[in-house]
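S.K.: Sending over a structure as structure tokens; questions will come in a sec.
The values are calculated or read from the model by the stated rules, or taken from the named source; none is laboratory data. If you're wondering where the values come from, they're calculated on a predicted model, not measured in any experiment. Cβ coordinates were reconstructed from backbone atoms using ideal geometry, including for glycine residues, and neighbour counts include every protein chain displayed.
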Amino acid sequence: MKNTIAKRMKGVPQSFIREILKVTDSEHVISFAGGLPNPSTFPVKGLAKACEDVLAEDGPKALQYGSTEGYFPLRQYISARYMEKHGLKVGPDEILITTGSQQALDLAGKVLINQKDKVLMEGPGYLGAIQAFSMCSPVFKTVMLKDDGVDMDAFKKICSKEKIKLFYGVPNFHNPSGITYSEQVRKELAAALSKFGVQFIEDDPYGELRFTGEKLSHIKSYYKDGILLGSFSKVVAPGMRIGWITAPKNIMKNLVTAKQGADLHTNSLSQRILHRYLTDNDVDKHIQDIIKIYKNQRDIMIKAIEELLPDSVKHTSPEGGMFLWLTLPKQLDSTKLFNIAIKQNVAFVPGTHFYANGGGHNTMRLNFSNSSPEKIKEGIERLGLAIKKMLK
Ligand SMILES: Cc1ncc(COP(=O)(O)O)c(C=O)c1O
């Protein structure tokens, strides 16, 4: 048969991470490549109890079709938590429950991006967003990140030269770089978005996982027209597949229509179990427990990097989240390093995969949330050997 694949698929990058996962499946490989939360943090017992209660008390309703917008009490919970923790006013009616925040990216892309629209991405940026938006065949532009967030001089320069439709960013404990936007950058960005009339997607799946430093405001609190995404994947469990999107009214109406076409609604049973778990348990304590584990893992990884990798390798020091970023000396290519490292049974993601317009050949992402302290030390030691081999 003739090739029946739609043209739009041509521009969609494959997830290198999923490809890597095939190589890293062996028990001998220490993998810093995936983006997995630590399964020891999943509240299995609490969710089992919540599941039992939901089915016993509300079984038929939980198993019936539900509303596209999502289970109302769960949306009320998210709304109340925004107010309680951040002083951010987002009503339940402004929240659409999605099948993970990944679906929110897919829906937002469909609703906002026309073919050839200019979409500005962070360099490096979240690969899943590059993939989701690629389906709409935009023209990607990239603005580089600095230690305190997006390079605002470069941002303003790009926006004054090009008609940028949409900017996508991860201001807290960024995936893949681990950096956090400073308060100053947040304010400046909000002002620039407003001045240049650029739509903004603020993706915040890691915001509650802060180890050190002070809590900062959402950019949404400075830029009311912005779209804000959240997720329970990193604070409860990714297998629940529950995230959300908040957006101004006219956009929300279209997101709901797009979601109807995608999956009618997010799993009703999952939503009710999650809501029951959240209301019957001490979620703040649960999150503090996760933070304790991840902070320790981050500290051990940074110590090992400083002790075991050459001084010419620079690292970020994330204040939260699950990832950190290495920059190798310019002459080293991290894709070539990957091929050497995998022979030493250690894996990471070469940085170039996170740049929508290319670049970052000497950078790489390391995940610290899903390896034990022993494995982290051993893995960084192996990585050090691979880098030294390449430097020779
Ligand atoms: C920045 C970012 N956004 C969105 C997602 C998607 O998460 P989920 O669909 O599980 O909510 C991830 C997952 O790693 C992520 O890192």
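S.K.: What do you reckon, is ILE242 touching a strand residue (DSSP E or B) at 6+ places or on another chain (Cβ under 6 Å), within 16 Å of the ligand (Cβ to nearest atom), among the aliphatic types (A, V, I, L, M) and within 28 Å of GLN76 (Cα to Cα)?
M.R.: In short, no.
S.K.: Could I ask something else about it? Here is a check on your reading of the model: is ASP117 assigned by TED's automatic domain parsing to the domain that holds GLU208, exposed (fewer than 15 other Cβ atoms within 10 Å of the Cβ), of a type in the set (Asp, Glu) and farther than 22 Å from LYS234 by Cα?
M.R.: No.
S.K.: With SER101, SER177, SER134, SER194 as the choices, which residue is within 16 Å of the ligand (Cβ to nearest atom) and surrounded by fewer than 22 Cβ atoms within 10 Å (Cβ to Cβ)?
M.R.: SER134
S.K.: Further, regarding this structure: Report yes if LYS49 is surrounded by fewer than 14 Cβ atoms within 10 Å (Cβ to Cβ) and charged (D, E, K, R), otherwise no.
M.R.: No; evaluated as a whole, the condition is false for this residue.
S.K.: Considering only residues of segment 23-51 that are of a type in the set (S, T, N, Q) and assigned to a loop (DSSP other than H, G, I, E, B), which is nearest to PRO373 (Cα to Cα)?
M.R.: For segment 23-51, the residue satisfying everything is ASN38.
S.K.: Only one residue in SER15, SER26 is within 16 Å of the ligand (Cβ to nearest atom), surrounded by fewer than 16 Cβ atoms within 10 Å (Cβ to Cβ) and at pLDDT below 95. Which one?
M.R.: Of the residues listed, the single one that is within 16 Å of the ligand (Cβ to nearest atom), surrounded by fewer than 16 Cβ atoms within 10 Å (Cβ to Cβ) and at pLDDT below 95 is SER15.
S.K.: (1) within 18 Å of SER231 (Cα to Cα); (2) surrounded by fewer than 19 Cβ atoms within 10 Å (Cβ to Cβ); (3) not aromatic (Phe, Trp, Tyr): which one isn't true of LEU63, the others all being true?
M.R.: It fails just one condition, (1).
S.K.: Turning to a different aspect of this structure: Being among the basic types (Lys, Arg) and away from the ligand (no atom under 15 Å from the Cβ) is the filter here, so list the residues in segment 200-239 that pass it.
M.R.: Residues satisfying the conditions are ARG210, LYS215, LYS220, LYS224.
S.K.: Among the residues of segment 85-98, write down those that are surrounded by fewer than 16 Cβ atoms within 10 Å (Cβ to Cβ) and either within 21 Å of LYS234 (Cα to Cα) or within 14 Å of the ligand (Cβ to nearest atom) (or both).
M.R.: The one that is surrounded by fewer than 16 Cβ atoms within 10 Å (Cβ to Cβ) and either within 21 Å of LYS234 (Cα to Cα) or within 14 Å of the ligand (Cβ to nearest atom) (or both): LYS85.
S.K.: Every residue in segment 71-82 that is surrounded by 13 or more Cβ atoms within 10 Å (Cβ to Cβ) and either closer than 30 Å to GLU214 by Cα or touching a Lys or Arg at 6+ places or on another chain (Cβ under 9 Å) (or both), please.
M.R.: Result: TYR71, PRO73, LEU74, ARG75, GLN76, TYR77, ILE78, SER79, ARG81, TYR82.
S.K.: Can you say whether ALA56 is more than 15 Å from the ligand (Cβ to nearest atom), outside the structural domain of GLY226 (by TED's automatic domain parsing) and surrounded by fewer than 16 Cβ atoms within 10 Å (Cβ to Cβ), as far as the supplied structure shows?
M.R.: Considered against the rule, which asks whether it is more than 15 Å from the ligand (Cβ to nearest atom), outside the structural domain of GLY226 (by TED's automatic domain parsing) and surrounded by fewer than 16 Cβ atoms within 10 Å (Cβ to Cβ), ALA56 comes out as yes.
S.K.: How many residues does segment 248-257 hold that are touching a helix residue (DSSP H, G or I) at 6+ places or on another chain (Cβ under 6 Å) and away from the ligand (no atom under 16 Å from the Cβ)?
M.R.: Residues in segment 248-257 being touching a helix residue (DSSP H, G or I) at 6+ places or on another chain (Cβ under 6 Å) and away from the ligand (no atom under 16 Å from the Cβ): 1 in total.
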